Number of protein chains: 2
Amino acid sequence: MRYRATVAYDGTAYRGFQRQANTPHTVQAVLETALSHIGVESPSIIGAGRTDAGVHATGQVVAFDMTWPHAIGSLDRALNANLPDDVVVSDVREADERFHPRYSAVSRKYVYRVYVAEKPHPLRRLYAWYHARPLDVPAMQAASSVLAGSHDFTSFGSPPAGTNAVRTVSEARWEENGDDLHFAIRANAFLYRMVRSIVGTLVVVGQGRMTGSEFAGILAACNRSLAAPSAPPQGLTLVEVQYVDE
Amino acid sequence: MRYRATVAYDGTAYRGFQRQANTPHTVQAVLETALSHIGVESPSIIGAGRTDAGVHATGQVVAFDMTWPHAIGSLDRALNANLPDDVVVSDVREADERFHPRYSAVSRKYVYRVYVAEKPHPLRRLYAWYHARPLDVPAMQAASSVLAGSHDFTSFGSPPAGTNAVRTVSEARWEENGDDLHFAIRANAFLYRMVRSIVGTLVVVGQGRMTGSEFAGILAACNRSLAAPSAPPQGLTLVEVQYVDE
């Protein structure tokens, strides 16, 4: 039987979602270890998004195959009892055998958090990107408007080998709440590093060192070397993955 | 010359504020190490509040004596350059030689954070107390109203040896923001464990297992054995210390 589940994690201690040789510190590895502790012999977890080292999730979606002879409601408790407290599974349910977290997904939503303050804030340092100087949020929002729609996002990330870089962005919005800035972006799928690359470049706009039309020009140029350095990982959270049946 | 400074810290990695034999993991120790790195020979930091292991601060106030031959504005940069990123100094200024962060303080304010959700949240686990079941916040707020004023708080904490347990609370208020609950409490001073003991007992009220008048009875009884177990440290933050000249 195939199951799907939502996974939230604090990415601080992990080398990213995806299992890697030579380190047990990936989210996939701790999930598979939890499955093996509840009796799955060769556990294999598939995730919707391969988040990088230090990137967080509140709405990662995973699938795995197992036989669970008890009530479904007890499966998430059994998994959570075998997980460290920086990884939490919820909403475990039976899924169609064809359900694939990545291929079945129709959209993903990420949030990137930035905060602006005179001094860095120790309680935010693991979950947001600190800036000492004010950012022009209306300018960042205006520049973001060119992201909506289908574009070749080569300037902001790398597609898997042999595939194209066209992605369809359905939402790209900055929100300002005091000194807290959130950038929410939804797309059918994302290139590797795409959100962090876009945010890194939009922040240059917010600093007044790039105009909105220069930002639009970078998108149009399809040239990876034109983007600003990527924003650091700790500000990024995978918040939602949508499927066609939802 | 005596200086004062505001200190923010993530208490997660520390055994509390106060220096202890046999561990370098106190906030006081890392501050004194930073002072020694910028040339203070026998650095001695005095703090306004001796926060426990795991307790955070955004508004701790400290004082120290040193000779700083440069512009005052460069002293916090010099200190922060020698501090780990979970401790940040700000607002460094010259202080009267009689200024003492603890004795000169006229009030302290703490915030205790609780959140209620179906599952624990990995990104909040270090900064709030998780509850799976709803809490009756209006009942907790109503029960809190007896805290205001001067009372013997023996039921909720221990005074230093040879002193009394009378403290004057000027603010005690719950705020609810979605699934996020904040308890803000201000007093002239606090007993050891007082905020966590009060919160631990108020949550029992919120769970419907104690009435507001039973809570008032515990306060009036001056009997430390009547309080519920203390709330865990990670929900607590020292947010402000006030002085008479401010």
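The values are calculated or read from the model by the stated rules, or taken from the named source; none is laboratory data. Treat the numbers as computed from the prediction; the structure is a model and nothing was measured. Using ideal geometry, Cβ is built from the backbone for each residue, glycine included, and neighbour counts are taken over all protein chains shown. With ligands, DNA and RNA removed, areas are computed over all heavy atoms of the protein, side chains included. Shrake-Rupley method; radii C 1.70, N 1.55, O 1.52, S 1.80 Å.
What percent does the relative contact order of chain A come to when contacts are Cα pairs within less than 8 Å and at least six residues apart?
24
Give the value in nm², to one decimal: projected area of the alpha carbon convex hull of segment B:104-246, averaged over all directions.
On the way: hull surface 35.4 nm².
So the Cα hull casts an average projection of 8.8 nm².
Ordered shortest first, which distances in nm separate the 7 Å Cα→C-beta label point of B:Asp152 from those of the other copies?
List, nearest first: 8.2 nm.
Give me, ordered by chain and number, the residues 5 or more places off B:Tyr130 or on other chains with an amide H under 5 Å from its own placed amide H.
Those qualifying (amide H under 5 Å, at least 5 residues apart or on another chain) are B:Tyr115.
Determine the residues within segment A:121-152 where the difference in accessible area between the chain on its own and the full set of protein chains amounts to at least 50 Å²; count protein heavy atoms only and use a 1.4 Å probe.
Residues losing area: A:Pro122, A:Leu123, A:Arg125, A:Tyr127.
Let me have the relative contact order for segment A:19-162, percent, based on Cα pairs under 8 Å that are six or more residues apart. Before the final figure, lay out each step's value.
Details: 108 pairs, mean separation 23.3, N = 144.
Averaging sequence separation for qualifying contacts and normalising by length gives 16 percent for segment A:19-162.
Can you give the direction-averaged projected area of the convex hull of the alpha-carbon atoms in chain B, in nm²? Intermediate results must be reported in sequence, preceding the final value.
Numbers: hull surface 56.7 nm².
Spelled out: convex hull of the Cα atoms, projected over all directions, averaged, 14.2 nm².
Counting only residues 5 or more places away or on other chains, whose amide H sits under 5 Å from the amide H of B:Ser107 once H atoms are built in the peptide plane?
When sequence neighbours closer than 5 places are left aside, the close amide H contacts are B:Gln242.
Taking Rh as the Kirkwood radius computed over C-alpha pairs, what is the Stokes-Einstein D of segment A:1-43 at 25 °C in a medium of viscosity 0.890 mPa s, expressed in µm² per second?
The calculation lands on 218 µm²/s.
When the Karplus curve 6.51 cos²θ - 1.76 cosθ + 1.60 is applied with θ = phi - 60°, which whole-Hz ³J(HN,Hα) does each residue of segment B:33-43 get, with x for Gly and Pro?
5, 4, 4, 5, 5, 9, x, 7, 6, 10, x
Provide an ascending nm list, one decimal, of label-point separations from A:Ser74 to the equivalent residue in each further copy; define each label point as 7 Å from Cα along Cα→Cβ.
Going from nearest to farthest copy, the values are 6.8 nm.
Using a simple spin-label model with points 7 Å from Cα along the Cα→Cβ vector, what separation in nm is obtained for B:Ala13 and B:Ser213?
Simple spin-label model gives 5.1 nm for this pair.
Show me, for segment A:19-28, the HN-Hα J-couplings you get by feeding each phi into the Karplus relation (A = 6.51, B = -1.76, C = 1.60, θ = phi - 60°), rounded to Hz, glycine and proline as x.
With coefficients 6.51, -1.76 and 1.60, one gets 3, 9, 5, 6, 9, x, 8, 10, 5, 4 Hz.
In Å², nearest 100, what accessible area do chains A and B bury in total when the solvent probe is 1.4 Å? The partial results should precede the final answer.
Values: alone 11820 and 11810 Å², together 22010 Å².
So the buried area, both faces added, is about 1600 Å².
Which length gain, in nm to one decimal place, applies between A:Asn82 and A:Ser145 when the Cα-Cα distance is subtracted from 0.36 nm times their residue separation?
Values: separation 63, 0.36 × 63 = 22.68 nm, distance 4.37 nm.
Gain in length upon complete extension: 18.3 nm.
Where in segment A:85-184 are there chymotrypsin sites (Phe, Trp or Tyr not before Pro) that are in a DSSP coil and have at most 16 other Cβ atoms within 10 angstrom of their Cβ?
Passing sites in segment A:85-184 are A:Tyr103.
Residue by residue, what Karplus-based ³J(HN,Hα) values in Hz, rounded to whole numbers, does segment B:156-164 have, using 6.51, -1.76 and 1.60 with θ = phi - 60° and x for Gly and Pro?
10, x, 10, x, x, 3, x, 10, 8
Quick one: which of A:69-76, A:214-221 comes out on top by average Cβ neighbours within 10 Å, and what's the full order, highest first?
Working: A:69-76: 11.6, A:214-221: 17.8.
Going by the mean number of other Cβ atoms within 10 Å, highest first, we get A:214-221, A:69-76.
Please average, across the residues of B:51-59, the number of beta carbons from any other chain that are within 10 Å of each residue's own beta carbon, and give a whole number. Walk me through the numbers on the way to the answer.
Values: counts 0, 0, 0, 0, 0, 2, 2, 3, 0.
Mean partner-chain Cβ count within 10 Å for B:51-59: 1.
Over the Cα atoms of segment B:79-170, how large are the radius of gyration and the largest Cα-Cα distance (Dmax), in Å?
18.9, 52
Which value in deg cm²/dmol, rounded to the nearest 500, describes the helix-derived mean residue ellipticity at 222 nm for chain A, given -39,500 (n - 2.57) per DSSP H run of n ≥ 4 and division by the residue count? List each step's numbers first, then the result.
Numbers: 5 runs with 51 residues, N = 246.
The per-residue figure over chain A is -6000 deg cm²/dmol.
For the protein assembly as shown, with equal point scatterers placed on the C-alpha atoms only and solvent neglected, what are the log10 I(q)/I(0) values from the Debye formula at q = 0.11, 0.14 1/Å, to two decimals?
-1.06, -1.35
If we hang a label 7 Å off Cα along the beta carbon direction at B:Asp179, how far is it from the matching labels on the other copies, in nm, shortest first?
Spelled out, the distances from B:Asp179's label point are 2.7 nm.
State, to one decimal in nm², a quarter of the convex hull surface area for the C-alpha atoms of segment A:35-125, i.e. the direction-averaged projected area. Please report the intermediate quantities before stating the final value.
Details: hull surface 31.7 nm².
Orientation-averaged projected area of the Cα hull: 7.9 nm².
Between A:Thr163 and A:His37, how high is the FRET efficiency from 1/(1 + (r/R0)^6) when r is the Cβ-Cβ distance and R₀ = 51 Å? Nearest 0.05.
On the way: r = 37 Å, r/R0 = 0.72.
Rounded to the nearest 0.05, the efficiency is 0.90.
Order B:135-143, A:163-171 from most to least packed using the mean count of other Cβ atoms within 10 Å. List each step's numbers first, then the result.
Details: B:135-143: 18.6, A:163-171: 14.7.
Averaged packing, sorted descending, gives the order B:135-143, A:163-171.
With chain B rotated onto chain A, spot the residue of B whose Cβ lies nearest the axis and note the distance in whole Å.
B:Leu126, 4
Counting only Cα atoms, I'd like the Rg/Rh figure for segment A:116-176, Kirkwood definition for Rh.
Working: Rg = 15.8 Å, Rh = 14.3 Å.
In segment A:116-176, Rg relative to Rh is 1.10.
Round to a whole angstrom and tell me the spacing of the C-alpha centers of segment B:66-125 and segment B:193-221.
Cα centroid of segment B:66-125 versus Cα centroid of segment B:193-221: 30 Å apart.
Per residue of A:76-88, how many C-beta atoms from partner chains lie within 10 Å of its own C-beta, taken as a mean?
2
How long is the gain from B:Ala21 to B:Ala117 if the chain were fully straight, where each residue apart is worth 0.36 nm and the alpha carbon distance is subtracted?
Details: separation 96, 0.36 × 96 = 34.56 nm, distance 3.95 nm.
Stretched fully, the B:Ala21-B:Ala117 segment lengthens by 30.6 nm.
Describe numerically, in nm with one decimal, the distance between label points set 7 Å from Cα along Cα→Cβ at A:Tyr192 and at B:Val244.
Using points 7 Å along Cα→Cβ, the separation is 6.5 nm.
A:Val116 accessible area, nearest 10 Å², 1.4 Å probe?
Near enough 30 Å² of accessible area.
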